[in-house]
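Participant: Quick one: this structure, given as structure tokens, is what I'll be asking you about.
What follows draws every value from the coordinates through simple rules; no lab data is involved. Values in this document were obtained by computation on a predicted structure and should not be read as measured data. Cβ placement follows ideal geometry from the backbone for every residue including glycine, while neighbour counts extend to all protein chains displayed.
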Amino acid sequence: MSNNGPVQWIWPFIFLLLLLLAAINNSAAQQLKWQEVAPGIYKATVGVPDKIDLRSAAGAEANMHGLQDIGEEPFPLVKMDITAKVVDHQTYLHFPLDKKEQLFGFGLNFKTVNQRGRIMQLHVDNYAGADDGHTHAPTPFYVSSNGYGVFVNVARYIKIYAGTAVEKDSKHPPVIYDRNLDKKWSPRPYSDGVDMLVPASGGVIYVIAGPTTLDVVRRFNLFNGGGPIPPRWGLGFTQRVQRLYNADQVAKEAADFESKGYPLDFIGLEPGWQSKSYPCTLQWDSTRFAHPAAFAESMLKKGVRLNLWTNPYISPESPIYKAIKPFTGTHTVWNGVVPDLTMKAARDIFFGYLKQHQVAIGVSGFKFDEVDGGDQYLWPDVATFPSGTSGEQMRQIYGLLIQRYSTEMFHQLNRRTYGLVRASNGGGVRFPYVIYNDYYDHRDFITALINSGFAGVLWTPEVRASKTAEEWLRRFQSNIFSPLAMINAWSSGTKPWTFPEVADQIKQLAELRMRMMPYWYASFALYHFKGIPPFRAMNLEPGFSSTLKLEKTAQNLEENPYEEAKAKEIKDQYLAGPNLLVAPIFTGQTSRKVILPKGNWYDFYTGAYVGNGEIIQVTPGLDKIPVYVRDGGIIPMMPAMLHAPGGDQKVDLEIRYYGTKPGSFQLYDDDGLSYDYEKGAYSWRTITVVKNAKGILEGKISAPVSGKPNTLGKITWKWMTAQQ
């Protein structure tokens, strides 16, 4: 008889015990270890993160110099109040939330700015009219009115409960009301947390300190590389022509702009430049563009650049189809194969062809369409890719990959680009691309422009077509106060002068866009070096009160037994650059309310005082979009030119000053074309306005820096506000 008998019986029990302990450990909240990875930015790892995430897909690298300028800031939350656990290959995250805290961000939303109380799934998709997380840039980053932010660096469809889920053991449980008799009863009890469900076995999370909301956004932007500095021509005016235009028609359109005196910096060619599209060949159509190199060269000589539409879904008739097919996904889009852009072989073929046949002959940029979504036509989540990347992950990062490697293509040639794209995500701050879509609500376009500052992306409220001259003018007004001033006439064929009754006003607006180029250029430089979004929400104005009030509605409990009051929010005015407040007017409006932050504000057009920390009612007339300048605001302007200056071209500068108190402005300068600024070939010149001994305002500009770019010609001053 063996003495080992009892031992053999005990091993199965030990094994079961170990499994039980592993299960308990798996479901228990993980004690997070926080590491400060940059000034004011703290990192924790949960479980086992995916190999691919948003920042790695974007190739994001922190701008440590800019972050150091903001300075150190302690961890902004109670660490023990942040919990994480991994259960059944899903990661559960919980972040604390104060009662009066407001939340901003969670991507490019079109209808709401304050996101508290919302449930959404962050999913790259074409926007379909609801702020449910399905959008072109579902950036998993939110900013709190308490002065901190959270960024979840995971390329997955993250489910968000932004102050909606109530835990039974909550530290701050909601008051329980009786619906029968208590009018305070609400279908949405108070929740003291933000909960997230990540469909992966782990992830990396960052908590970003402030102390202000603007500081949080700045740190997020700089941690992901800082915003782009577009070429100067990118901030001019662009016209996208009808989709089947040929070379002669494009040339005529450019000539019409010049003869009529309308500025034009680049023209966008839509699908017809290719021999076939949907799926795409990437090949010039020989019937419409018989000599593409000569055509591109002739346009450049006229001062007009070319931007080409495409999507990345490759036709069997494309010259690169056979070579790229082994490096594509299992499913097609419009019968075109989908390159796996996480693979170098696929990138070399795809971008190599674009570089050789388009960029090398003078094409200045691209419009990458349909990289966002639409489940009916994009690859399904069941698709797989040869790199091992899942369909879900590829959906979340494809816009990042397109931007990253197309930008690198131009960077290798030391030529800046500026283009359009349909999708982005966290980590993509530095890319010189502007998001657009097929949704066409003017009001919602402005809300998206506001939210773009929280999402780390650029957005254009493009103009396509209009039913009336009034709508045409109103859309155009807000478009020129945006990252990309553009008419997208791919279908309608519209021109700036399509409505003759407002053609003069449109021309004046286009000229204003050009005149303000020094201001816009400096604003983008602040985005790059300081992380300040050039277009952003009022909530990012230091000291601005954004307390929301409930809007009472007549309740109909028969139709909706859970109807509740809706919160008012500021989603139709925004800040532009360091000194401007823009308040668009929409079709049918003759007047509107504008909420001014604290401090004196002045009319952009006249310099007249308009108010201080108050709500004003304005009636600007059809010709004007309400724009206001803060006290001490300086707006540098140049002459209205048909094309943006570039290289070492000297341009005269008119410096406008508003208000009565001392002011300063950092004017940025470089060659406007290359990436030489990355090697230090740029300068900041300080413009100051102070009162002299007699109490009279005097303006000064610092001397040009020796050995640095200096494109300034004659400098004049214009005092917009009458001195007292």
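Participant: Can you list the lysines whose alpha carbon sits under 27 Å from that of Lys322, skipping same-chain ones fewer than 8 residues off?
Facilitator: Filter leaves Lys276, Lys344, Lys355, Lys367.
Participant: Order 277-284, 483-490, 291-298 from most to least packed using the mean count of other Cβ atoms within 10 Å.
Facilitator: 483-490, 277-284, 291-298
Participant: Looking at segment 25-223, how many pairs of lysines come closer than 18 Å at the Cα, when each pair is eight or more places apart or spans two chains?
Facilitator: Close lysine pairs under the 18 Å cut-off: 14.
Participant: Using the beta-carbon distance between Lys301 and Ser491 and R0 = 35 Å, what value does 1/(1 + (r/R0)^6) give for FRET efficiency, to the nearest 0.05?
Facilitator: With R0 = 35 Å, the Cβ-Cβ based efficiency is 0.75.
Participant: Restricting to segment 622-724, what percent of DSSP beta bridges are antiparallel, rounded to 5?
Facilitator: 75
Participant: For segment 338-361 and segment 577-610, what is the centre-to-centre distance using only Cα atoms, to the nearest Å?
Facilitator: Cα centroid to Cα centroid, the span is 46 Å.
Participant: How high is the relative contact order of segment 139-188, in percent, with contacts defined as C-alpha pairs under 8 Å that are six or more residues apart?
Facilitator: With pairs under 8 Å counted, the relative contact order is 19 percent.
Participant: Choose one of Ile487, Ile532, Tyr42: the residue whose Cα lies farthest towards the positive end of the charge dipole of the chain (beta-carbon charges +1 Lys, Arg; -1 Asp, Glu; about the Cα centre).
Facilitator: My answer, from the dipole projection, is Ile532.
Participant: Contact order normalised by length for segment 579-724, with contacts defined as Cα pairs under 8 Å and 6 or more residues apart; what percent is it?
Facilitator: After rounding, I find 22 percent.
Participant: For segment 25-223, what relative contact order do you get, as a whole percent, if you take Cα pairs closer than 8 Å and at least 6 residues apart?
Facilitator: Relative contact order comes out at 29 percent.
Participant: How would segment 25-223 be classified by its alpha-carbon gyration tensor: rounded, prolate or oblate, with rounded meaning a/c under 1.5 and the a/b versus b/c comparison settling the rest?
Facilitator: rounded
Participant: Something else: Among DSSP beta bridges lying fully in segment 251-365, give the percent that are antiparallel, nearest 5.
Facilitator: If we restrict to bridges inside segment 251-365, about 40 percent are antiparallel.
Participant: Could I ask something else about it? Considering the dipole of segment 25-223 built from charges on the beta carbon (Lys and Arg +1, Asp and Glu -1) around the Cα centre, which of Gln102, Phe141, Ser56 is farthest to its positive end?
Facilitator: Gln102
Participant: Taking square-rooted eigenvalues a ≥ b ≥ c of the alpha carbon gyration tensor, is segment 213-283 rounded, prolate or oblate, where a/c under 1.5 means rounded and, failing that, a/b exceeding b/c means prolate?
Facilitator: Oblate is the answer for segment 213-283, as a/c is 1.5 or above yet b/c matches or exceeds a/b.
Participant: Still on this structure: With both partners inside the chain, how many of the DSSP beta bridges are antiparallel, as a percent to the nearest 5?
Facilitator: Antiparallel: roughly 75 percent of the beta bridges in the chain.
Participant: Let me ask something else about it. Set Lys and Arg Cβ to +1 and Asp and Glu Cβ to -1, take the dipole of the chain about its Cα centre, and tell me which of Leu512, Thr447, Ala722 lies farthest positive.
Facilitator: Ala722
Participant: Additional query: Placing unit charges on C-beta atoms (Lys and Arg positive, Asp and Glu negative, everything else neutral), compute the dipole magnitude of the chain about its Cα centre in debye, rounded to 20.
Facilitator: For this selection, approximately 1200 debye.
Participant: Sort 65-73, 221-229, 164-172, 364-372 by packing, meaning the average of other beta carbons within 10 Å per residue, with the highest value first.
Facilitator: Order by mean packing, descending: 221-229, 364-372, 65-73, 164-172.
Participant: Is the shape of segment 306-423 rounded, prolate or oblate, going by the alpha carbon gyration tensor and its root eigenvalues a ≥ b ≥ c, with a/c under 1.5 for rounded and a/b larger than b/c for prolate?
Facilitator: prolate
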